[in-house]
1. Hey, fewest Cβ within 10 Å first, where do ARG158, ARG14, ARG216, ARG185 land in order?
2. Can you give the percent of C-alpha pairs in the stretch 78-191 whose distance is more than 23 Å?
3. Tell me the relative contact order for the chain as a rounded percent, counting alpha carbon contacts under 8 Å between residues six or more apart.
Amino acid sequence: MTRTMSQRQSLILRVIIMAGLYFAISLFGGIWGWRILYPIRLFVTFLHEFGHAFGALLTGGTVEYISIHPNTGGVTSTIGGNLAVILMGGYIGSALFGNILFYIGAAKPKWVKPTLGLVIALMLVTGLIWYNSVFTTLVLCGFAGFLFFLGFKTKFGREALMLLGLASIIFILQDTASGPSSDLRAFEREMRFIPAQIWMMIWLLIALGLLAFNLRMLFRREAKDPSPNLS
């Protein structure tokens, strides 16, 4: 019981530290804070755009290209598929992916390397096959190389997944007002009758629900597991 509580407290402490550092840097870091978080913002953009691509593939469409812009914006061009699912895929998909990364980093140490390998592969596919710009390819290939180093050459793979997942979730929630505005306008036109503001609230509730479910699973797992794997 003592070991279980210790591990649970350790997880809570790590989450608080990561979230606190992120908020401190983003709120009080000024231009240097923006620069420090710039790679994470690019990663969140990748998750968002890949969410659109995944929505297209999931509903029978194809992906023409994915572009990540230096200002951390992005564009995904798809052909076919269900437009509503594709549009939702950006916000909801990135929230889902962020939660999965965080959960694996926190609770599934044996899955860390395979997960990092999958993320690296998706980045390379996006940068090299769904090619659109040199900047996009350089960012994704560079980030893939950095994740490979962290995950396979150091012992910080778990921390990398937890940080990327948690920071992605926080950024998505922070960016609710402006981030998915173009997606919401298109979604409003596609679904009709219900305004974009209502859909934004629905998307936000889904994202918050995913986070709450994730945290509940994590803490329930810690409470049930008397000897968690720390390797």
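1. Final ranking by Cβ density, sparse to dense: ARG216, ARG185, ARG14, ARG158.
2. Working: 2562 of 6441 pairs.
Roughly 40 percent, once rounded to a whole number.
3. Numbers: 304 pairs, mean separation 56.8, N = 231.
With pairs under 8 Å counted, the relative contact order is 25 percent.
No value in this document is a laboratory result; all are computed from the given coordinates. Note that the coordinates shown come from a computational prediction; the quantities given were computed from them, not determined experimentally. No Cβ is skipped: glycine too gets one built from the backbone with ideal geometry, and neighbour counts run over all protein chains shown.
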